[in-house]
Every structure is written in structure tokens, then in C-alpha cells.
1. Which one of these is loosely packed, with under 15 Cβ neighbours inside 10 Å and over 28 Å from the mean Cα position of the chain (by Cα): 327, 358?
2. Scan region 163-171 and tell me whether some residue there is under 26 Å from residue 220 (Cβ atoms), over 19 Å from the mean Cα position of the chain (by Cα) and open to solvent by 20 Å² or more (accessible area, probe 1.4 Å).
3. Give 43, 77 a once-over and let me know the one that is within 30 Å of residue 263 (Cα to Cα), open to solvent by less than 100 Å² (accessible area, probe 1.4 Å) and at pLDDT below 80.
4. Hey, any hits in region 411-430 for a residue that's hydroxyl-bearing (Ser, Thr, Tyr), within 22 Å of residue 166 (Cα to Cα) and touching a helix residue (DSSP H, G or I) at 6+ places or on another chain (Cβ under 7 Å)?
5. Only one of (1) surrounded by 22 or more Cβ atoms within 10 Å (Cβ to Cβ); (2) in contact with a Pro (Cβ under 9 Å, 6 or more places away or on another chain); (3) not in a helix (DSSP H, G or I) fails for residue 260. Which number is that?
6. Cβ-Cβ below 6 Å, separation at least six or inter-chain, first residue in region 237-252 and open to solvent by 10 Å² or more (accessible area, probe 1.4 Å), second assigned to a helix (DSSP H, G or I): which pairs?
7. Given (1) open to solvent by 30 Å² or more (accessible area, probe 1.4 Å); (2) over 18 Å from residue 253 (Cα atoms), where does residue 202 come up short, assuming only one miss?
8. For region 287-302, which residues satisfy the criterion of being within 21 Å of the chain's Cα centre (by Cα) and either without any contact (Cβ under 8 Å) to a residue 40 or more places away in the chain or not in a loop (DSSP other than H, G, I, E, B) (or both)?
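The values are calculated or read from the model by the stated rules, or taken from the named source; none is laboratory data. On a predicted model such as this, the values are computed, not experimentally measured, just so you know. Here the Cβ positions follow ideal geometry from the backbone for every residue, glycine too, while neighbour counts run over all protein chains shown. Side chains included, ligands, DNA and RNA excluded: accessible areas come from the protein's heavy atoms. Shrake-Rupley method; radii C 1.70, N 1.55, O 1.52, S 1.80 Å.
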Amino acid sequence: SNKPRKKKKKRKTKKNSAGEAVEDNDLEDIDSLLERIEDPRLAPQSQGGITTDSRPLLYVEHRNLNPENELKRYFGARAVLGDQRPRQRQRQYVRSMWLTAPKNTWPRYSKTGITMQLLDTRRGVQHFTFEHHREYQQVQFKFLDAVESMDPNNIVLLLQMNPYHVDSLLQLSDVCRMQEDQEMARDLIERALYSLECAFHPVFSLTSGSCRLDYRRPENRAFFLALFKHLMFLEKRGCPRTALEFCKLILSLDPENDPLCVLLLIDFLSLRAREYTFLTRLFQEWESHRNLSQLPNFAFSVPLAYFFLSQQEERPELERGQARERAARLIQLALIMFPSVLMPLLDHCSVQPDSRVASHPFFGLNAQISQSPALNQLTSLYVGRTHALWKDPAVMAWLEPQVHEVLRMVEAQDALVQEAEHKRKIRYQSAPRNIYRHIILSEMKEATAALPLEVTSQPVMGFDPLPPLDSIVSYTRPERTSHPSNESTLSLFFRSLLPNFNLQGDMRHDGDDEAGAAQDLNQGVNRLMAAMRDMLANIQFQEPPRDDNPEGDGDWD
């Protein structure tokens, strides 16, 4: 037992300036770290005066996926954890996860029949997919039957038998949210994420940004939707930094197609989390191949981010000046390209524009009426979601001279104004399906009201809103017994009341045989009586509530 102590004494130590003993190994580590910091190749590069990060753009940090870490920064660990520490290890079988923390109130987890497979690797990018085993497929068929019954109690019964069935958790979460039970709705989403994370492939990485999932496969959609619904709960809970990290994760799963169109949301979360440098870097790196400036949210949020950067006093004056110039130039381009945003934005901020702006036709009502429905959806979504960030008096003081400068350019018939008007007429003819899907999931009333009839007229399910038209189906639901199309009105009426009744079942085609017709009639009557008996057997009578005060001393209205 004394040998390790002798070895420690043999190590050479040096005294630092504070008189503390520092080992040689530690000194070597510190020297190597200092060399790395001083290496100009590893230092953050500067683009346009704004310092950027050297890591990949969609790099996800594990610690930023935990909302408790963000809440600790705001309120302190004691206020967040409370009395949780002594009870952390009550249930030893709970696995440690990155996406969500398992709760003691959850049912014990067992394999659900979901697995993840690696399809292929192309140019350093790994393509994965979730797979449903046969037993999970049978549960999925029961879930679809429960959804068609339009009775949430059937989904509850299914979850009692299969507590980690993902689509049931997503659908029941929407039901709870509609009933104002936000806590239960959030808990169900977290349980769905836990179930999916337990099925991850060993090499599937949340942080690398090089793992892909194809939204066209129905098995993968639940992961996208659970992540999106989870980040919406996080944003409402006051954790915008954590929500931004989940948004980056969703975008990294399919950055080319962006099936949930989180590009319409990531700017808002960046501003809420004060990650202005990330937003400006995203705009700089993706503008050339994604034309982000043609989306109203990026056109207005990026100059707002540059303005906030110019207000940070800890930055060098040169960087602040460059950010201020870029903010002014970009906000002018945004006002020229999307003039219909200004007046609704000021109205949401309870700001009355001056007489020149209010009476000018460029920003007037005609700008909103003349734009296409697709562009109206984008502008309504942005104003409804982001208007609170523009209420800052300093922001309004910066915006006012930029609006007047744009009016000067309009009156001077600047070429930029004519070009922007031409672009608005050619583009934004119809919105792609992922934008409709995003608006439905966001539930922003300003944008939902602008959805076209072909979207609002079809049923939208919370577990799979607006599925892609080019879906890759790996298994199909077995066909259910269809009822004859030549049923009589009486038969349809009885079957609407008694689902087990089928007047024309096993009817003979030789209608000329009178004996056969009589036999069919007798069989139909017998089936009707059997269906009525089933209905009466299933009727449950409830006792009237007891009247604890039979005297009835209450007043009658």
C-alpha cells in the first residue's frame, strides 16, 4: 500500500509563482495547450469583421442538448436541481441518454421492435434508417385502427400495452396539448425520444453532422417530428439555446431537403439565444447555394443580428463598425425585397409609423394585397413569430432611418427596386410541401390562416403531417374487408348504427331463385338481431350522481 506513495515522491515538482507544486507532466500539457492557442492556423477566422468558429457549422454539443444546463446558467444549480441529487440513482436499469433524461415515473423500457440500420456511406456521409420488426408492425396497424376510430381512449389503451410505441406517443401528446395539459404532452414527447434513442445504431452520431436520415421513409419521420415538437416545448419553456441545438440537429439529418423546413425557425432561435455569430456564419456559408436572402426570415433576421453585434461593447470598434454597415445595407435590401413585412411588424410592436411612411404606397396595404399567397404565408409566419424581438426601442431607432432611406431609393426609381418587384412576380408562385408542413407544426395562427384550401381540406395527423408524395414504403398495412359498393340505403343506415351488421353479406347472385332470396332475407334479419344484441350487451348504464343535499336549499335560476 505504500508503493504508490513512494512513486509520487520520486516525481519532480516545480514551484510556480503562487508557490503551488506543479508536476512535469502537467507543465507539458499546459505548454502544449498554449502552443495550440497561439497557432494561427487554429485561431478563429474573421469574415467581414465578425469572428467565426472553426468547427463545422452544424456541429452539435452534447452539453447543449440538456435544458437543465441552460437553466443552471440562468438560475443556478440549486434552484434547478433542488432535492433531485439524493434520488438520482434509485433505478439502476435506466440508461443514460443525450436527448432526454429518463424519469422514474416512466414504465420500464423493453425492446420495442425498432432498430436502426446503416444503409451506405457516400463521400464521408453515413445514411441510416429506422426499421420496424414484425411485432412492431402489428402494433402500428393497431395504432392506425385506433386513429381511424377518432377515440383517444383507444390510443391510451394501446399505450398501456405498448408504452413506448412512438407514433402513439406523438399522437396522444397532441391530444394532451389541445386539452391544455402541457406537462403531460411534453412528457410523452420525451418518452418517444427516449424510445428512439435506445434504438440508435452504434456508429450513429448526434454531434458529427455527417449522419443522414431520409424523411421519405415513414419509419424515420417519427424522429424528425419528435425532435421538432421537443424543441418547440423547450422554446416555450425558456430554453432557446437548447432549442437551437435541437434545431441544428434536425437540419443536420437532411440539410439538402430540410423536410420540416427548420430554416424558417433557426434564425428566430439564434436571436432568442443571442447566438448572433452563428446566424451570420450560416448566412455567409449557405447564401451562395441556398439563396437564404430570398426567405423573409433571413432577409430581416440577419441584419438584426449584425445590429446586435454592433451594440456589443466588448468587441473592437472596427468589428462594431463593420457590423453596423452590413446591418444597414442588408435591412435596406430586405425592405426593398419584402415591403409587405414593415406595416404588420410595426402593428404587432404597437408602433405608429410617421405620416410619410404610413401614406406611402410602397409600404401600404397594396404591398400586402399584391403579393402571392405563398409569400404571404412566409411573411405572416415571420411577423407572428419574431415581432417581439423588434420591440426594443434601440432596434426601432435604428430601423427608422433605414426605412426613410428605402423610400428615397423608391422615389428615385432605383434599379434595385425594379429588380425586386420583378423577382416577387416570378418567384413565390407556390410553396413547397415542407413549408406547409412547417406551418402546420408551428401552429402560428397568422400563417395557418393563409394556408391554401388543398392543404386545409385534407386531414392532418400529428404523427405524420402531410407525408411526402414520393414516400419509400417498406411495408404496407393489410387490406381491411371492404363492404359492397351496391349497398342499399337501409343497409348503410343500419351499419352506421351497428358496425357488425351487414345486410348483404353472403348474398347469392342468382336473384331469380325465390327460395334463395327468402333465405337471404332471413339471414339478413338474423344478422340484424345479432348486431342489436351486441349493441345492447355493450351498453353501460351510469348511476345518477348522488345528491348530498336532498333538501335542495339552493336557488333556482
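1. 358
2. Yes.
3. None of the others qualify; the one that does is 43.
4. Step one: list which residues in region 411-430 are hydroxyl-bearing (Ser, Thr, Tyr), which gives 428, 430.
Keeping just the survivors that are within 22 Å of residue 166 (Cα to Cα) gives none.
So far as region 411-430 goes, no, none of its residues is hydroxyl-bearing (Ser, Thr, Tyr), within 22 Å of residue 166 (Cα to Cα) and touching a helix residue (DSSP H, G or I) at 6+ places or on another chain (Cβ under 7 Å).
5. That leaves (2) as the condition not met.
6. As it stands, the answer is 241/70, since those pairs meet every condition given.
7. (2)
8. Within region 287-302, 290, 292, 296, 297, 298, 301 meet the criteria.
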